[in-house]
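The values are calculated or read from the model by the stated rules, or taken from the named source; none is laboratory data. If you're wondering where the values come from, they're calculated on a predicted model, not measured in any experiment. Backbone-built Cβ (ideal geometry, glycine too); neighbour counts: all protein chains shown.
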Amino acid sequence: MASLIPVLPVSAEQAEVSEDEPLAKALNYVKVAEEAKNHPKYKEGHICDNCMFFKPDQNNGCALFNNRRVEKGGWCLSWAAKPQ
Ligand code: SF4
């Protein structure tokens, strides 16, 4: 008998991080870094793309979000400089 459970096109690990989910809210993740400009930890120029947790070779994933995709130009309060 065929399964009635729909097959999702992407796994949960690959799904994009939403600003509305609990961990994203806890870390103040925003898809556009400038939206966090009033946050005490935000500094201009800090974006996911230059954060040590960003994985451009893994579908633009973030290690803190189980390698799920985040915006290159996003930001969260766990931003840490990528080692040079
Ligand atoms: S930890 Fe870094 S890559 Fe992940 S959401 Fe925060 S700023 Fe972006």
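Can you pull out the residues in region 48-67 that are more than 7 Å from the ligand (Cβ to nearest atom) and closer than 14 Å to residue 33 by Cα?
49, 50
Restricting attention to region 48-63, which residues are surrounded by fewer than 19 Cβ atoms within 10 Å (Cβ to Cβ) and in contact (Cβ under 8 Å) with a residue 24 or more places away in the chain?
49, 50, 52, 53, 59
Would you confirm, using the coordinates I've provided, whether residue 70 is more than 10 Å from the ligand (Cβ to nearest atom), closer than 20 Å to residue 16 by Cβ and among the hydrophobic types (A, V, I, L, M, F, W, C)?
On the way: more than 10 Å from the ligand (Cβ to nearest atom): no; closer than 20 Å to residue 16 by Cβ: yes; among the hydrophobic types (A, V, I, L, M, F, W, C): yes.
So residue 70 does not fit the description; no.
Would you tally the residues in region 16-37 being under 18 Å from residue 60 (Cβ atoms) and out of contact with any Leu (no Cβ under 7 Å at 6 or more places or on another chain)? Even if it seems obvious, please write down each step before you answer.
Restricting attention to region 16-37, the residues satisfying the condition of being under 18 Å from residue 60 (Cβ atoms) are 16-19, 21, 23-24, 27, 29-33.
Applying the additional criterion that residues be out of contact with any Leu (no Cβ under 7 Å at 6 or more places or on another chain) yields 16-19, 21, 23-24, 29-33.
Within region 16-37, residues that are under 18 Å from residue 60 (Cβ atoms) and out of contact with any Leu (no Cβ under 7 Å at 6 or more places or on another chain) number 12.
Give region 1-30 a look and list any residue that's part of a loop (DSSP other than H, G, I, E, B), modelled with pLDDT of 55 or more and closer than 20 Å to residue 76 by Cα, or say none.
14, 15, 16, 17, 18, 19, 20, 21, 27, 28, 29
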